[in-house]
Structure formats: structure tokens, C-alpha cells
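Visitor: Quick one: this structure, given as C-alpha cells, is what I'll be asking you about.
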Amino acid sequence: MTQARRILVTAALPYANGPIHLGHLVEYIQTDIWVRYQRLRGAEVYFFCADDTHGTPVMIAAQRLGITPQQLVERVHGEHLRDLQGFLVNFAHFYSTNSPENKALAEQIYRSARDQGAIARRNVQQLYCQTDSMFLPDRFVRGQCPNCASLDQYGDSCEVCGATYAPRDLKEPHCAICGTTPVERESEHLFFRLPLYQEYLKKWLHREGRVDSGVRKKLDEWLQGELREWDISRDGPYFGFEIPDEPNKYFYVWLDAPIGYMAAARNYFDRQGRPDLFEIFWKSEESEVYHFIGKDIVYFHTLFWPALLRAGGFRTPSAVYVHGFLTLNGEKMSKSRGTLIRAETFLKHLNPEALRYFYAARLSDGLDDLDLSQTDFLQRYNAEVVGAIVNIFSRLAGLSKKLERRLAAGPSPAGRKLAQTVREAAPTIQTAFEGRDYARAIREINAAAASINRFVNESAPWNIVAAAPEEARQTITDALNASLPLLIYLKPVLPALVENAERMLGIAALDYQTLHQDLPPNQVIGEYVHLAQRIEEAQFKAMLAEEAALSGEIGAQRPAPVIKNKSESAQEKKVNQKEESDATQSGIIQIEDLSKVDLCVGRILSAQLIEGADRLLAIQLDVGEQRPRSVIAGIRAAYQPADLTDLLVVCVANLAPRKMKFGVSEAMLLATGEGAQLTLFAPHRSANPGDRLR
């Protein structure tokens, strides 16, 4: 018997200072589809990921929130995992780089490299903030671009002209944390001697299938010249792992981040009582290891990472698979424009499998960017999933109710021919999924669904079910039987839909081992359940409107006030008080004011028209208290009372009760827009009345 493939798969680590958005999900969905496909083929597959937790941005974000970096990364970890699981991304383990396993492995690899002479030392000049007592990373220096003179640019590149430079090249640089002018200081740093591995990397990259041709071409350009040594140390204060025998020196986040793949695997295998599997995957070339990444981090994963693994005595990846970026309606993803759609926002409004299907329909094995066009998104899902695939089951399962839901003893000759036509697509679909050409797989799947729908339309069993019930029963049996291989093909992309279809048909979980099996004789199927529903344009627009409103609120917030040291002068204090007073008089609120707002999840128990009020509705709102609150809301132009019952909403729970002409209002519902375009803010679908939102 042939040994099943042993495969370890990783997706790039999300950074722990922000939410998961639809751009991230291109990669996680792409990887999850590939993993699910491999499992359907019988492979032993482990899918690992982790939060990328270290670095100055996390440290500063935690300071601004008044919590420790550990508390921040723990909170974000829960949010990330919730959102990824919401899109049915099925990890074996989602871990953290801030872990004991990662620390031990990073130190082990570093010591091995140091013992081989692959670590160098030299002094570097850096910008240092005397107010915050720290060396400033590139992104924490702002100033005037040395190339085009644009103001307020980052310390590594200009967002206006695209020029790259060192932070010290900025004109009039200032610290992005406190605004003071930094000074130059010298510090000794440690460097990984990447040029020592240049010849090894050339051979590694040119092994068949290691990287795609487009990536290899770019890497060949880099490898033609001499590679530069890689600065792997940062000076404290820094949130990360301290380098062994180097006081106040910390591993640069990009050194321990990819080691997080290994740490997640070690933690999982140890907890499963199989520590041997760690050695099998990270020492043996007989196993397979694959990394899925975006094209912006190719350099780290195809040069630094394999060289680092080589220095540490570990095996290198079997392949690194690279994808392009996501745009929204042709625009670059942007938080300020409201086009950086959070996973959480999408899940409030739309079915996660709609996004899984759309990405699959657009993803190939190349580096092309993917555009989430509203028109294309709606048309594809509604026509191909709801109108074609789900249509097979909704028509036939509904019609079978007139026949006691019992199928025939087996497929007819015509039914066998139809099923064989669908099964013949398997090799092409398998090749497409294996090679990550999901768009081709989806085209083949749609062609198979079209052949089943043609068969049903030509037979028209609904016209004969009364006069010739057995003939109608046979048509239903033949079409549903032919749908079984179709469900297998769809399973990596739409796992929940397929699981519901399996349950409705009363069959065990399908995989490629069951490709040639028929439905049991005289099978009694279950009541039809809605496998998917059409997506309306209003749902998509409501999602965009909510995201735009959230982005506007976030963009309007001022940076958290900097905590001055105790030696702040009386003159500084007077100036600060004057600025705060001016801000208050101009209508600007401070971030401390926002912390006073108690945002709460509520469930609308009832909504009624108010006689004599054209815009108002009287609402009873459950916020997890002993009695519901009465709310008078001006939302009548956008919502009918019957549509609001059981709706989850977001409200301000600590607003003082307000006596109005038509009664007392004890809370305020949050919404965006005006008139008929008004949209109530919705919490995450798993929220409960009384949950607090922070």
C-alpha cells in the first residue's frame, strides 16, 4: 500500500497590531482550499499559522492602550482566530510567535549560525529619540521626502513619489511617537552573513517547483549581484526575544517570525504526543513543507529564510507559493477610503462562502492582483452558486417531497452516462487544485453543473410527477446521483454548503475515494435546507457603508496623548492646557472622551409606529438587563417595524435618559447615512445582548 503524502502547510503570519481584512483573506482562503483538497485526496496534512507579535509597533500600540504588549497580543490573537474561523479557515493550530517554543528555536538557530561564523558585528548610525529613550525604526520616523519634498513621509519610503531611502535622509525628521527631533547615535548591531549562502540559494531556487517562474526571474536578478548582510538585531527597549549573550540586544522581528511556523508545529505535535513528527517535517526531505505568502515578502521567504534554516541544520521548504494583492472595485485597499474591509464587517453582512467562491473563481497560480468588483462578485455568486449549483438541489429535493422523498433503486443508463460525464472532469479539476489554478477548477465545476441542469431541464420531471411518478423519481435519482462528484469537487471551496447537502442526502462525508459511488438504493432524503441565498446589492453596499463609517471614526481620532516625564515645565503645561481648551471650544473631542462611551450589543424585541411622528419608531431593546429599554429612534424612513424584530444592533448604553414628546428614550442606536439610505450598525453575528464593545 502506498504511503500517504505527509504535508505541512503554512500561511504568512498576520501582524498583531491590526484586524484581519479581506486582503489577508486572499492568502488564508487560498491556502485553506489547497489544504482541504489534499485531505480529500487522502494526504496527511497539517496547516499551521500564528500571530506575528514582536516589534516596536506592537510595543507602542500597547503603550497607547495602557496595557502590556503581552495583553495586546493575547487579545488580538482571539480576534484574529475568530475572524479566520468565521471564513472556515481550518488550521491544525493557530499559535503565537511570543511563545517559549519560538524563543528556544530562535536561539538554537542563532547559536548554530554564530558557531559557523555566519554572524558579523559592526557599528551603525541610527536615529534616536531622546524623549522616548529609544532608537527609532523606519516607520517611527516622519519627515520631508528627500526626493520630492512631500511632507509627513515615513522613514523608509515616500508614499507620493515612491522613493526609498534611509531614515537619516529625511529632511526635518521627527519622532512619530512624540514629535521631537531625533539625534544620530551609533550602536553595534549583529548581521547574518547572507552572502555565505549565495551559491546554495542559487541551487535551491532552481530545483523544479521550488518557486514559480515569475518569482524565480526576480530572484535571479537579486542573485546576480552580491547579497547584502542582514541586520538581525535591534536595541532595547523592544518587544521581542533578547539575543543570547547580548544584553539589551533583541532579535529583529523578521528573524523569529518565520521560525513561528516551526514553533506552532512543535507546540502542536508535543501536545498530540507526537514529537517525532516535528523531526519528520523539519529534518526529513521525505516529507513536504509548503509556504503560502504574498508577493511583498518574497525576499524574506526565498533568501533569508532558507539560508537561516540551512545555518540552523533544518530542512528547507519544498516550495514557496506566491500570490498577488487584492483591490476593491479597482482601487488599492485603503483604510482612509473605507476600502480596507475588515473580516468582521464582511461577516456581519454576507455569507463567508461567497468570498471563498469568488476568490477561488479568480485565483490562478500567478502573481496577478485580484480585484473584488461588486458587480463581478454579485453576478458570479448569484448566477454560478445559487442559480446553477444550488438550483440542482433546491428543485429536485423540493420535488421529491411529492414522492415521499424516496429515490429510485439506482441510476438509469442515461443517469449513469450523466454521472460518468461529471466524473470525467476529475483529472482536470485535480490538476488545477494541485497547481493552485483554482479559476480553472471552478470553470470545470461550472461546466459539470451545467450538464446536470441541462439533463433536468430536458427531462422536466415537474411536468410528469403526477402522471408518471416513477419516471419523475428516476430523473431526480439520476440527477442527484450525478451531483455527488460535483459536491466532491466543490468541497474545498464551499465546505459548509457541501456538508449541508451531504446531510440532506443522508450520506457520509464525501471524498475522492467515493468518486465512483452511487446513492444507496431507494434512499430517503431529508427535507430541503437552504444551501445558499442570493446576495443583494444592498447587502454589499451596507457593508461598504459600515466600513467607511468605521474608518471615518478611526481616522478622526487623534493620537493618544504622549505621557510627558515629570520634569514638564510650567510653560509646557500652560501651552497644553491652552491647546486642550481650544480643541474643546472648536468641537473636537479628546480620545479620553471616547473611553467614556459604553457601546453595547442590543436585540430589538419589538418596534412600533408612533402616531403623529413621521420619522420615529418606538423600540423595546434587550441589552442584557432585567427589563428592556425603551428607545425612540428616527429610522422609520429606512426600516419597517416588522423587519427589526430580533435584529442585533449597537447602542450607546450610558446615555442619560432623554424625555421626548412621545416618551422617554433610554439609549441611542448607532447608524450611518440619512433617510432611506440609513443603516444601523450591526455587531458580530456571534454577539449577545449585553456584550460590551471596546
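The values are calculated or read from the model by the stated rules, or taken from the named source; none is laboratory data. In this text, all values refer to a predicted model and were calculated from it rather than measured experimentally. We place every Cβ from the backbone using ideal geometry, glycine too, and count neighbours over all the protein chains shown. When the accessible area is computed, the model is the full protein with side chains, heavy atoms only, and any ligands, DNA or RNA have been set aside. Shrake-Rupley method; radii C 1.70, N 1.55, O 1.52, S 1.80 Å.
Visitor: Out of 459, 483, I need the residue that is among the polar types (S, T, N, Q) and over 21 Å from residue 532 (Cβ atoms). Which one?
Guide: Among 459, 483, only 459 is among the polar types (S, T, N, Q) and over 21 Å from residue 532 (Cβ atoms).
Visitor: Out of all the residues in the stretch 216-233, which are more than 22 Å from residue 290 (Cα to Cα) and open to solvent by 40 Å² or more (accessible area, probe 1.4 Å)?
Guide: 221, 222, 224, 226, 228, 229
Visitor: State all residues of the stretch 597-629 that are charged (D, E, K, R) and closer than 15 Å to residue 666 by Cα; if no residue qualifies, say none.
Guide: Selection gives 598, 603, 622, 625, 627, 629.
Visitor: Which condition from (1) in contact (Cβ under 8 Å) with a residue 12 or more places away in the chain; (2) in a helix (DSSP H, G or I) is the one that residue 409 breaks?
Guide: Residue 409 satisfies every listed condition except (2).
Visitor: Of everything in the stretch 510-537, what is open to solvent by 70 Å² or more (accessible area, probe 1.4 Å) and either within 25 Å of residue 354 (Cβ to Cβ) or at pLDDT below 95 (or both)? Give them in sequence order.
Guide: Passing the criteria: 527, 530, 533, 534, 536, 537.
Visitor: I would also like to ask the following. Only one of 415, 398, 366 is of a type outside the set (D, E, K, R), at pLDDT below 95 and in a helix (DSSP H, G or I). Can you tell me which?
Guide: Just one listed residue meets the conditions, 398.
Visitor: While we're on this one: Six or more apart or on different chains, Cβ under 6 Å: which pairs go from a residue in the stretch 129-142 that's over 16 Å from residue 248 (Cα atoms) to one that's open to solvent by 60 Å² or more (accessible area, probe 1.4 Å)? Could you list them?
Guide: Every condition considered, the pairs that remain are 142/152.
Visitor: Right, next: Looking at 30, 38, 70, which is the one that is of a type outside the set (A, V, I, L, M, F, W, C), part of a helix (DSSP H, G or I), under 30 Å from residue 177 (Cβ atoms) and touching a residue at least 24 places away in the same chain (Cβ under 8 Å)?
Guide: Exactly one of 30, 38, 70 is of a type outside the set (A, V, I, L, M, F, W, C), part of a helix (DSSP H, G or I), under 30 Å from residue 177 (Cβ atoms) and touching a residue at least 24 places away in the same chain (Cβ under 8 Å), namely 70.
Visitor: Just to verify a result, which residue in the stretch 233-253, among those that are among the charged types (D, E, K, R) and assigned to a strand (DSSP E or B), is farthest from residue 136 (Cα to Cα)?
Guide: Filtering first and then ranking leaves 242.
Visitor: Mind telling me which of the residues 431, 421, 477 ends up being in a helix (DSSP H, G or I) and in contact with a Pro (Cβ under 7 Å, 6 or more places away or on another chain)?
Guide: 477
Visitor: Condition first: touching a residue at least 60 places away in the same chain (Cβ under 8 Å) and over 14 Å from residue 85 (Cα atoms). Now tell me which residues in the stretch 16-25 satisfy that.
Guide: Within the stretch 16-25, 16, 23 qualify.
Visitor: In addition: Could you tell me which residue of the stretch 75-97 is least open to solvent (accessible area, probe 1.4 Å), considering only residues that are outside any strand (DSSP E or B), under 17 Å from residue 267 (Cα atoms) and in contact with a Ser or Thr (Cβ under 9 Å, 6 or more places away or on another chain)?
Guide: The residue in question is 97.
Visitor: In the stretch 488-501, which residues are farther than 20 Å from residue 91 by Cα and open to solvent by less than 10 Å² (accessible area, probe 1.4 Å)?
Guide: 488, 489, 501
Visitor: Additional query: Residues 648, 669: which one is closer than 17 Å to residue 683 by Cβ and modelled with pLDDT under 90?
Guide: Unique residue meeting the criteria: 648.
Visitor: How many of the residues in the stretch 454-487 are under 16 Å from residue 387 (Cα atoms), open to solvent by 10 Å² or more (accessible area, probe 1.4 Å) and in contact with a helix residue (DSSP H, G or I) (Cβ under 6 Å, 6 or more places away or on another chain)?
Guide: 1
Visitor: Still on this model: Among 361, 426, which is under 31 Å from the mean Cα position of the chain (by Cα) and under 27 Å from residue 521 (Cα atoms)?
Guide: Being under 31 Å from the mean Cα position of the chain (by Cα) and under 27 Å from residue 521 (Cα atoms) holds for just one of 361, 426, which is 426.
Visitor: Further, regarding this structure: If you check 213, 157, which single one turns out to be more than 30 Å from residue 244 (Cβ to Cβ), surrounded by fewer than 12 Cβ atoms within 10 Å (Cβ to Cβ), modelled with pLDDT under 95 and among the small types (Gly, Ala, Ser)?
Guide: Within the list 213, 157, the selection yields 213.
Visitor: Could you say which residue among 656, 642, 613 is open to solvent by less than 40 Å² (accessible area, probe 1.4 Å), modelled with pLDDT under 90 and either outside any loop (DSSP other than H, G, I, E, B) or among the aliphatic types (A, V, I, L, M) (or both)?
Guide: Selected residue: 613, the only one of 656, 642, 613 that is open to solvent by less than 40 Å² (accessible area, probe 1.4 Å), modelled with pLDDT under 90 and either outside any loop (DSSP other than H, G, I, E, B) or among the aliphatic types (A, V, I, L, M) (or both).
Visitor: Given the residues 69, 14, 100, which is the only one that is open to solvent by 50 Å² or more (accessible area, probe 1.4 Å), touching a helix residue (DSSP H, G or I) at 6+ places or on another chain (Cβ under 9 Å) and at pLDDT 95 or above?
Guide: 100
Visitor: Looking only at residues in the stretch 616-628 that are in a loop (DSSP other than H, G, I, E, B) and not basic (Lys, Arg), which one is most open to solvent (accessible area, probe 1.4 Å)?
Guide: My answer is 626.
Visitor: Here is a further query. Return yes or no: is residue 54 within 24 Å of residue 238 (Cα to Cα), of a type outside the set (A, V, I, L, M), assigned to a helix (DSSP H, G or I) and touching a residue at least 12 places away in the same chain (Cβ under 8 Å)?
Guide: no
Visitor: Among 587, 663, which is the only one that is open to solvent by less than 40 Å² (accessible area, probe 1.4 Å) and either of a type in the set (Gly, Ala, Ser) or modelled with pLDDT under 80 (or both)?
Guide: 663
Visitor: Taking the stated definitions as given, is residue 637 modelled with pLDDT under 50 and either surrounded by fewer than 14 Cβ atoms within 10 Å (Cβ to Cβ) or not in a strand (DSSP E or B) (or both)?
Guide: No.
Visitor: Taking the stretch 184-210, which residues are of a type in the set (A, V, I, L, M) and at pLDDT below 95?
Guide: 205, the sole residue that qualifies.
Visitor: Further, regarding this structure: What pairs come up if the first residue lies in the stretch 202-229 and is under 18 Å from residue 192 (Cβ atoms), the second is open to solvent by 90 Å² or more (accessible area, probe 1.4 Å), and their beta carbons are under 7 Å apart, counting only those six or more places apart or on different chains?
Guide: none
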